[in-house]
Amino acid sequence: MYILLSVLYKFYLQFSDGSKFYPDYFTHLVGQQASSLLSTFGYDAQLLPHPSEPSLKLVLKGEYVARIIEGCNGLSVLILFVSFIVAFSGKLKTTILYILSGSVIIYVVNVLRIVILSIGIYSYPKQSEFLHSVVFPAIIYGVVFLLWVFWVNRFSKLNKKDV
């Protein structure tokens, strides 16, 4: 499953020309949603195409705080999550519902992660490397890990005992 989804994602990236949604649809969507949420929280947020690389520049209150690249869209994390759930599948309906609901949770956490990371970098610029490299990857991978543990303990066929 992981190989199949990774190959499909690679094709998606290869054929995303960025003409309508820059740099690609999902990265653009995540960036727009993060920017909108920041604006909702009272931050003057702008999302601009990066002039020299396929990414988006996130500007808060006139200050360039972060770039949103393809790796920020969360799709590689979703591929990993889905592959794990399928590898340790349970009943078909339960597996599909868990994949859908878990994917929504991961997507929302990822957008919130970008929002909070941006606020953190804006407020504490000297901590940006620590926030970006340690704290916020721990959040997204921590959520995925908890979803996996919950899945294996509650729904996976591994948890079913033959009596």
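The values are calculated or read from the model by the stated rules, or taken from the named source; none is laboratory data. Predicted, not measured: the structure shown is a model, and the values here were computed from it. Here the Cβ positions follow ideal geometry from the backbone for every residue, glycine too, while neighbour counts run over all protein chains shown. Side chains included, ligands, DNA and RNA excluded: accessible areas come from the protein's heavy atoms. Shrake-Rupley method; radii C 1.70, N 1.55, O 1.52, S 1.80 Å.
Data overview
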item	result
Max mean-square fluctuation residue, GNM over the chain, Cα-Cα springs under 10 Å, options N73, N153, N110	N153
Folded to 0 to 90 degrees: helix 92-123 orientation relative to the chain principal axis, Cα	30
Helix 75-87 vs. the chain, principal-axis angle (Cα, 0 to 90°, nearest 10)	0
Listed residues A34, A87, A66, most fluctuating in the chain (Gaussian network, C-alpha, under 10 Å)	A87
Mean residue ellipticity (222 nm) of the chain, computed from DSSP H runs ≥ 4 via -39,500 (n - 2.57), nearest 500	-19500 deg cm²/dmol
Per residue accessible area of the chain, 1.4 Å probe, in Å²	60
Rounded, prolate or oblate (a/c below 1.5 giving rounded, otherwise prolate when a/b exceeds b/c) for region 109-148 by Cα gyration tensor	oblate
Net charge contributed by nearby residues that have their C-beta within less than 11 Å of S76 (K/R +1, D/E -1)	0
Top of Q46, Q32, Q14 by mean-square fluctuation, Gaussian network on the chain, Cα under 10 Å	Q14
Local electrostatic count, Y98, Cβ distance below 12 Å [Lys/Arg +1, Asp/Glu -1]	+3
In degrees, nearest ten, helix 136-154 long axis to first principal axis of the chain (Cα)	20
Phi to ³J(HN,Hα) by Karplus 6.51 cos²θ - 1.76 cosθ + 1.60 over region 3-16, Hz, x for Gly, Pro	5, 4, 5, 5, 5, 4, 5, 4, 5, 4, 5, 5, 9, 7
Integer Hz, Karplus 6.51/-1.76/1.60 couplings in order for region 59-68, x for Gly and Pro	10, 10, 6, x, 10, 5, 10, 7, 10, 9
Percent RCO, i.e. relative contact order, over the chain, from Cα pairs under 8 Å lying at least 6 residues apart	20
Label zone at Y2, where the point sits 7 Å out along the Cα-to-Cβ direction: region 87-126 residues whose backbone N lies under 17 Å	87-89
Net lengthening on full extension, N153/A87 (0.36 nm per residue, minus Cα-Cα)	22.3 nm
Charge tally in the Cβ shell below 12 Å around A45, where Lys, Arg are +1 and Asp, Glu are -1, A45 excluded	0
